Amino acid sequence: MRRIDYIVVHCSATKEGKDFGVDDFRKWHKRKGWSDVGYHYVVRLDGTIEYGRPIEKIGAGVRGYNYNSIHVCYTGGVDENIKPKDTRTKEQKESLFYLLTDLKRRFPNAEILGHRDFEGVKKACPSFDAKGEYHNILI
């Protein structure tokens, strides 16, 4: 297993209420020429957690930080006008908390951050303050 320093929360930047899953993202990412879906986990609107790229493999989520991070994406993150918005459903919030708690237990030294919290990132992703919301997840 590789060393994990970061657990990164992403949004898919898909419109609120539109449900997509890991197979959709895999298709889109492969069209970009990637070897697989960039995310290790995807949380759908109903809270279902889907497995993407195996965590043993380097993901594709934050340039320069992929080698030591796990990437978790929730479906949504923008409004009808493609403006950043926290669109997480109650079920997504519950599943994200559960998943991040489990990952933090497995990788206790990893810091939970949003995509936007990394130096040089000019995106609103994940459209909420993941670092602030999840700072209190302890093992």
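Return yes or no: is Gly77 in contact (Cβ under 8 Å) with a residue 24 or more places away in the chain, crowded, with 23+ Cβ neighbours inside 10 Å, in contact with a Ser or Thr (Cβ under 9 Å, 6 or more places away or on another chain) and not charged (D, E, K, R)?
When the stated conditions are applied, Gly77 passes them.
Among the residues of the stretch 85-117, write down those that are more than 20 Å from Leu45 (Cα to Cα), in contact with a Ser or Thr (Cβ under 9 Å, 6 or more places away or on another chain) and either without any contact (Cβ under 8 Å) to a residue 12 or more places away in the chain or part of a loop (DSSP other than H, G, I, E, B) (or both).
Selection gives Ala110, Arg116.
Taking Arg3 and the conditions (1) at negative phi; (2) surrounded by 14 or more Cβ atoms within 10 Å (Cβ to Cβ), which numbered condition does it fall short on, given that it satisfies the others?
Every condition holds for Arg3 apart from (2).
Kindly evaluate Val72 against the criterion of being of a type in the set (A, V, I, L, M), modelled with pLDDT of 95 or more and out of contact with any Lys or Arg (no Cβ under 7 Å at 6 or more places or on another chain).
It is true that Val72 is of a type in the set (A, V, I, L, M), modelled with pLDDT of 95 or more and out of contact with any Lys or Arg (no Cβ under 7 Å at 6 or more places or on another chain).
Quick one: Asp86 ticks every box in (1) out of contact with any Phe, Trp or Tyr (no Cβ under 6 Å at 6 or more places or on another chain); (2) surrounded by 15 or more Cβ atoms within 10 Å (Cβ to Cβ); (3) of a type in the set (Asp, Glu) bar one, so which box is it?
(1)
Could you grab me the full set of residues in the stretch 21-54 that are in a loop (DSSP other than H, G, I, E, B), at pLDDT 95 or above, in contact with a helix residue (DSSP H, G or I) (Cβ under 9 Å, 6 or more places away or on another chain) and surrounded by fewer than 19 Cβ atoms within 10 Å (Cβ to Cβ)?
Once the filter is applied, which keeps residues that are in a loop (DSSP other than H, G, I, E, B), at pLDDT 95 or above, in contact with a helix residue (DSSP H, G or I) (Cβ under 9 Å, 6 or more places away or on another chain) and surrounded by fewer than 19 Cβ atoms within 10 Å (Cβ to Cβ), the stretch 21-54 yields Asp46, Gly47, Thr48.
How many residues does the stretch 59-84 contain that are part of a strand (DSSP E or B) and β-branched (Val, Ile, Thr)?
3
Out of (1) crowded, with 23+ Cβ neighbours inside 10 Å; (2) touching a residue at least 60 places away in the same chain (Cβ under 8 Å), the odd one out for Gly61 is which?
For Gly61, the exception is condition (2).
The values are calculated or read from the model by the stated rules, or taken from the named source; none is laboratory data. Bear in mind that the values here come from a model prediction, so they are computed numbers and not experimental data. Heads up, the Cβs are rebuilt from the backbone with ideal geometry, glycines too, and the neighbour counts pull from every protein chain shown.
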